[in-house]
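Please treat every number below as a calculation from the coordinates, not as lab data. Small disclaimer: the values here were computed from a predicted structure and weren't measured. So basically every Cβ, Gly included, is an ideal-geometry build from the backbone, and we count neighbours across all protein chains shown.
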Amino acid sequence: MAEEVKVFRTWSSPFAFRVVWALQMKGVPFENIYEDLSEKSSLLLHYNPIHKKVPVLVHNGKPLAESLVILEYIEETWKQTPLLPEDPYKRATARFWARFGDDQVLLSVWNVFIKQGKEQEEAIARAHGNLQYLEEELRGKKFFSGEKIGYVDLAFGWVANLISVFEEVKGLTLMEHEKHPLLLAWIQNFMDAPIIKENWPPRDKLITKYHALLKSYILKEAAEK
């Protein structure tokens, strides 16, 4: 019996791309189900009633939500092309960095994008500190996972995907060659990987999307004052 694998996603979700990249790396056939989050489908609400978000992986009718959870499920279900190392300590360390990325790095970078004035300055300082941790973690390595793309690289794919977009939309620079040479080299190596390159959102559409999103945040903030 053939396996049925579906990914509920949007065209731009960096979290959904983690799932897409992982399945592609492991050679697992799957069907993309694209969602309009302004009019969420009944299937998405059925499969993810708690968060009502993408991505959702549906494997033989069984749904899973939350991208890092999905990555671990993919790793445990399809053993080919391992994303995590065999050593338990190294596996735990990889999970730490992925969680640090979502809990700390992403939050600080997002605040740089949506905040203004002094709050933005504080967010920039936090983001620089967090990016420096990533710079140090890459010392002596091509990828976070070593010589090949792995779990941590997929978890940090949004860094390659979105930071330069945020920089352009906001008219600022977060990453500089003098301060982040290893991180910028990692971004280029990551983007050059065929599976990543073949599954990448159009930059012009991302710019348009985040210009509109930033405008909505500014208007909302002004209305609340």
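A few remarks follow.
- Virtual spin-label span in nm between THR173 and GLU136, 7 Å along Cα→Cβ: 2.4
- GNM flexibility winner over the chain from HIS46, HIS180, HIS128 (Cα, springs under 10 Å): HIS46
- Between PHE96 and GLU31, the simple spin-label model (points 7 angstrom out along Cα→Cβ) gives 4.2 nm.
- Volume of the convex hull of segment 77-137 (Cα atoms only), normalised per residue: 102 Å³.
- Extension gain from LYS52 to ALA193, taking 0.36 nm per residue of separation minus the Cα-Cα distance: 47.6 nm
- Computed FRET value (nearest 0.05) for LYS215 with ASP87, which takes r as the C-beta separation and R₀ as 41 Å: 0.30
- Residue-span extension gain [ILE207 to SER38] - 0.36 nm each, minus C-alpha spacing: 58.9 nm
- Among 4-16, 72-84, 114-126, sorting by the average number of other beta carbon atoms lying within 10 angstrom of each residue, highest first, gives 4-16, 72-84, 114-126.
- Beta bridges per DSSP with both ends in segment 5-77, % antiparallel, nearest 5: 65
- Taking the Cα centre of the chain as origin and assigning +1 to Lys and Arg Cβ atoms and -1 to Asp and Glu Cβ atoms, the resulting dipole is close to 240 debye.
- DSSP bridge analysis restricted to the chain gives an antiparallel fraction near 70%, rounded to the nearest 5.
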